[in-house]
Amino acid sequence: MTSNTSVWVTVLAGGAGTRFWPLSTSLRPKQLLSLAGGRPLIADTLERVRGLVPRGNIRVLTGTHLAEPIRRATGLGDEAILVESRARGTAPALARAAWEIAQSDPDGVMISLHSDHLVSPAARFREILAAAADIARRKDLLITVAVPPDRPETGYGYIRPGEALSTPGGHAAYRVAAFVEKPGPEDAARYVADGYRWNSGIFVWRAAFFLAELGTHAPGIARALPALEHGDIATFFDLAEAISVDEALLERSTRVAAIDATFDWDDIGGWEAVARLNPPDADGNVRVGEAHVAGSKGNIAFAESGRVVLFGARDMLVVRTEDITLVMPRSELVRLKRHLTDLPERFTRTTDDGGAGPDSP
């Protein structure tokens, strides 16, 4: 790219705070936690794009009750925080952001990031995003960053690569032949063997082209866009279909491509990520904070406050926060969000909607 002034970064930073419960809640979702270092995850996300775009070209998409905590965590001004009046999923959130970008920068390229990813090294991350932005501008394609998998993973969506694309710098890019949603263990192993990629959820496209494709393929979003022209954001979110951008557009459009990541990537989606980010002991136990484990195997013991002690435990998750202790088999973690629906509100501390982000549709 010859200039970075027409590139914008949007960060999805909503979510209901369920997948890291009880450490995260709707009042303190994981993007505000320091799970991978000394800073909140969202601060790491913004630091990662330093030098790729001007700070004034950053927008964070979030729910009403998270706007102020995110301002404090990032130091961004009011103009950078795009607040959703209600949570409707990633498609409406990104449509609103694209509309705002296209109004001020008709040829602007929009990069969509999640606020809870772990990426290194940052220089390679920026290099891939710059290459993707160049392809998006020249070819009018909706681009997703694809991650070559290092293990069968049932928690991620997959991409089947199609026709190869030529790129400046020789980066591996191709048309997307198909998206495959979260598979079972056998299918996940087969996808890895067959050269499928993980869908990172990192997207790059010209904002105006994205809106045009929504008009063609996503009537449930397009019907609400006129409300934005009248400055009525609340009506836009009331009218827009609650749906992910993958389902609304990427799985329908014929103009979708992918570029391979050359950086390490992890979606810090839930408690199992703690086991990937922290070295286990000889018995496979992962300990964070003041945790003691004896005669036990394959456990995650996490003490935000106080102390945790495990004797003779196997394959358990034990989390202690200041006011809640969670004990559950690791095999039940895939159902944690469902279990939380049975808890009284005083345990989950749920307030209003979390807005766009990892926990949204």
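For the range 118-133, residues that are touching a Ser or Thr at 6+ places or on another chain (Cβ under 8 Å), open to solvent by 10 Å² or more (accessible area, probe 1.4 Å) and either among the β-branched types (Val, Ile, Thr) or closer than 11 Å to residue 264 by Cα (or both) total 1.
Against the test of being over 29 Å from residue 229 (Cα atoms) and open to solvent by less than 50 Å² (accessible area, probe 1.4 Å), the options 41, 76, 82, 61 yield a single qualifying residue, 41. Scanning for something among the basic types (Lys, Arg), in contact with a Lys or Arg (Cβ under 8 Å, 6 or more places away or on another chain) and at pLDDT below 95, does the range 310-318 turn up at least one residue? No; the residues of the range 310-318 include none that is among the basic types (Lys, Arg), in contact with a Lys or Arg (Cβ under 8 Å, 6 or more places away or on another chain) and at pLDDT below 95. Within the range 253-286, the set of residues being in contact (Cβ under 8 Å) with a residue 24 or more places away in the chain and part of a loop (DSSP other than H, G, I, E, B) comprises 253, 255, 261, 262, 263, 268, 269, 270, 271, 285. Applying the selection to the range 101-117, what residues are of a type in the set (A, V, I, L, M) and open to solvent by less than 10 Å² (accessible area, probe 1.4 Å)? Across the range 101-117, the qualifying residues are 101, 109, 110, 111, 113. Exactly one residue out of 33, 12 is over 19 Å from residue 59 (Cβ atoms), of a type in the set (A, V, I, L, M) and modelled with pLDDT of 85 or more: that is 33.
This table checks each residue for (1) in contact with a Leu (Cβ under 9 Å, 6 or more places away or on another chain); (2) of a type in the set (Asp, Glu); (3) more than 29 Å from residue 182 (Cβ to Cβ).
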position: 241; (1), (2), (3): no, yes, no
position: 265; (1), (2), (3): yes, no, no
position: 268; (1), (2), (3): yes, no, no
position: 282; (1), (2), (3): no, no, yes
position: 299; (1), (2), (3): yes, no, no
position: 303; (1), (2), (3): no, no, yes
position: 311; (1), (2), (3): no, no, yes
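Considering every residue within the range 163-185, establish whether at least one is touching a strand residue (DSSP E or B) at 6+ places or on another chain (Cβ under 6 Å), surrounded by 20 or more Cβ atoms within 10 Å (Cβ to Cβ), closer than 27 Å to residue 105 by Cα and not small (Gly, Ala, Ser). Scanning the range 163-185 turns up no residue that is touching a strand residue (DSSP E or B) at 6+ places or on another chain (Cβ under 6 Å), surrounded by 20 or more Cβ atoms within 10 Å (Cβ to Cβ), closer than 27 Å to residue 105 by Cα and not small (Gly, Ala, Ser). Consider residue 216 carefully, then state whether it is open to solvent by 60 Å² or more (accessible area, probe 1.4 Å), closer than 27 Å to residue 84 by Cα, modelled with pLDDT of 95 or more and β-branched (Val, Ile, Thr). Against the criterion (open to solvent by 60 Å² or more (accessible area, probe 1.4 Å), closer than 27 Å to residue 84 by Cα, modelled with pLDDT of 95 or more and β-branched (Val, Ile, Thr)), residue 216 qualifies. When residue 261 is tested against (1) open to solvent by less than 20 Å² (accessible area, probe 1.4 Å); (2) touching a His at 6+ places or on another chain (Cβ under 6 Å), only condition (2) is not met.
Within the set 50, 19, 71, 59, the sole residue that is basic (Lys, Arg) and under 29 Å from residue 334 (Cβ atoms) turns out to be 19. Checking each residue in the range 13-38 for being open to solvent by less than 20 Å² (accessible area, probe 1.4 Å) and without any contact (Cβ under 8 Å) to a residue 40 or more places away in the chain picks out 24, 33. When 98, 207, 188, 136 are checked against the criterion of being out of contact with any helix residue (DSSP H, G or I) (no Cβ under 7 Å at 6 or more places or on another chain), closer than 30 Å to residue 86 by Cβ and open to solvent by less than 10 Å² (accessible area, probe 1.4 Å), 136 stands alone in meeting it.
Residue 36 - would you say it is touching a strand residue (DSSP E or B) at 6+ places or on another chain (Cβ under 8 Å) and assigned to a loop (DSSP other than H, G, I, E, B)? Spelling it out, residue 36 is indeed touching a strand residue (DSSP E or B) at 6+ places or on another chain (Cβ under 8 Å) and assigned to a loop (DSSP other than H, G, I, E, B).
Take residue 8 and tell me if it is within 22 Å of residue 322 (Cα to Cα), in contact with a strand residue (DSSP E or B) (Cβ under 8 Å, 6 or more places away or on another chain) and buried (at least 24 other Cβ atoms within 10 Å of the Cβ). Against the criterion (within 22 Å of residue 322 (Cα to Cα), in contact with a strand residue (DSSP E or B) (Cβ under 8 Å, 6 or more places away or on another chain) and buried (at least 24 other Cβ atoms within 10 Å of the Cβ)), residue 8 does not qualify.
Of all the residues that make up the range 223-239, how many are in contact with a Leu (Cβ under 6 Å, 6 or more places away or on another chain) and either open to solvent by 30 Å² or more (accessible area, probe 1.4 Å) or not aliphatic (A, V, I, L, M) (or both)? Residues meeting the conditions: 1.
The values are calculated or read from the model by the stated rules, or taken from the named source; none is laboratory data. Source: prediction; values computed, not measured. Cβ: placed from backbone, ideal geometry, glycine included. Neighbour counts: every protein chain shown. Just the protein is used for accessible areas: all its heavy atoms, side chains included, with ligands, DNA and RNA removed. Shrake-Rupley method; radii C 1.70, N 1.55, O 1.52, S 1.80 Å.
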